[in-house]
Structures are given as structure tokens and as C-alpha cells.
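Below is one structure, written out as C-alpha cells; the observations come after it.
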Amino acid sequence: MNYKKIYLILACFFIGSKINIVLSQKESSFSGELTYSITKISSDKLENDFSLGDVAVEEKMIIYAKDSLVKRVHFSSVNGIQESISHLRLEKKILLLTLDSIDFAIQMPSEEVPSAIKNSYTFKKKCFPKKKIAGIKGFPMVLSHKMLSNDLHIWYSKTIPAKYNKVFPSFEGLPLRYYVVSEKGLYLYTLLTFKEYDPPLALFQIPKNYQLISLKDFLSLTED
């Protein structure tokens, strides 16, 4: 695997990890599967300093949940498959990654959300229509970001805990249709399927062939 791609994966995982805050144990739990489509939005939605590029990328994200256990699988036609395992209550995160044909389970540090991320997005409740997304009633909000030239409409669920996809620190429930701003552009996430069931525990365990390693030790390997 290209080392630049590895560092990009780690950077994306850091962002995803930092903005996934564990909520109170009093909050209800969920077990099942969530599948999101990921679409890169056209340039007319963005400030002039965004560059979308010409590469068409197909992406999906699948989230498996079993109470406090979460597994995220990100499919990309460019970067392949990226997987991570989290224990929400214990605030432990593992990134599964292959380097030079060796499989690593990288222990990621738990950190507080930086103020820059906390203050990047602002939300306002609005009265535009509720809508069902993947069979779930979605409640509307307006999203604003300093790098966007206009406000965007998003929807979230009041019945499913936000912690299973806590992309925004202040969100009240699971985001169903939302936008994420990154250095590479604006991305739209839409929930495609929602399934409630009890996934097998083995799905959330580190595969036997993976070598457990700290992030510091893994980074030292890539520098050799």
C-alpha cells in the first residue's frame, strides 16, 4: 500500500474518531446495520477555494452496531475498503489496516474534540417538511459552515441514538441525510438501509491474523 494513502487513511480516521463522542449510558441502545451512500457534491454548492477534481468515486459506509460495539466499513472505488472497530462505553478504537501484506490492528488514541471541529458547524431547527429516509422519520435542520457559500438542509432521527454515527458533536439524534466538509470538498451522506437485528459478536472482534500494535509503533514502521 502506498504510504501517502496510509497517512490519508489515518488522518481521515483521526477526524472520524475525534468527532465520535460517547453519550451518556442512560441513552437507549441500538443493534443492527446502517448503510449510507456517500456522494461528492457539485462545485456550485461550494466556495471558490474548493476543488472537486475529475475523478468519479463510488463510496458507501456500513455501520454495524451491537449495543456499545460498533464496526464501520468504508467502501471506496479509489481507496478500497477501510475498517474500524470501536467500543463506545470504553472509548476504545481499533483501525484495521494492511501494510506490505501484513495485517495490523492499530490502537487509536481517544481524544477530546478540538474546538476547531466543535465550532465548524452550526445548526438551526427549521419548519421545512419532515421526510422519511430509509423508512425512518427524519426531522429537519439547517447546517451552516464557514467554508460553504449557502446553508444546507439536513435530517436526523429522534428515535435512534446519535452515538452510532456521531458525526457532529452537538447532534440530538442519528443523522439520516447530512453533509460533511473536508479538504477535498463537500460530501452528502444519505441513509440507504436500516436493519434492526443482533449481529454476531465475532463481527466486532479483531481477526486472528491481525497484529495488535499502537499507533506510535505503527508510524515508526512506516518511517523505516
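Read-outs throughout are calculated quantities, based only on the coordinates presented, and are distinct from any laboratory measurement. Note that the structure is a prediction, hence the values are computed from the model and not measured. Every residue, glycine as well, gets a Cβ built from its backbone with ideal geometry; the counts of neighbours run over all protein chains shown.
Points worth noting:
- Backbone HN-Hα couplings from phi across segment 121-138 [Karplus 6.51/-1.76/1.60, Hz, Gly and Pro as x]: 10, 10, 9, 9, 6, 10, 9, 5, x, 5, 8, 8, 10, 6, x, 10, 5, x
- Shape analysis of segment 98-224 based on the Cα gyration tensor places the equivalent ellipsoid semi-axes at 34, 21, 13 Å, largest first.
- Inter-site label distance for SER31 and LEU219 at 7 Å from Cα along Cβ, in nm: 3.8
- Contour excess over end-to-end distance, with Cα ends at HIS153 and VAL78 and 0.36 nm allotted per residue: 24.2 nm
- Computed over segment 158-204, Kirkwood Rh from alpha-carbon pairs, angstrom: 12.7
- For LEU186, nonlocal amide neighbours, meaning residues 5 or more places apart or on other chains whose placed amide H falls under 5 Å from its own, are ILE41.
- Distances between placed amide hydrogens fall under 5 Å for THR193 paired with THR35, all partners being 5 or more residues away or on another chain.
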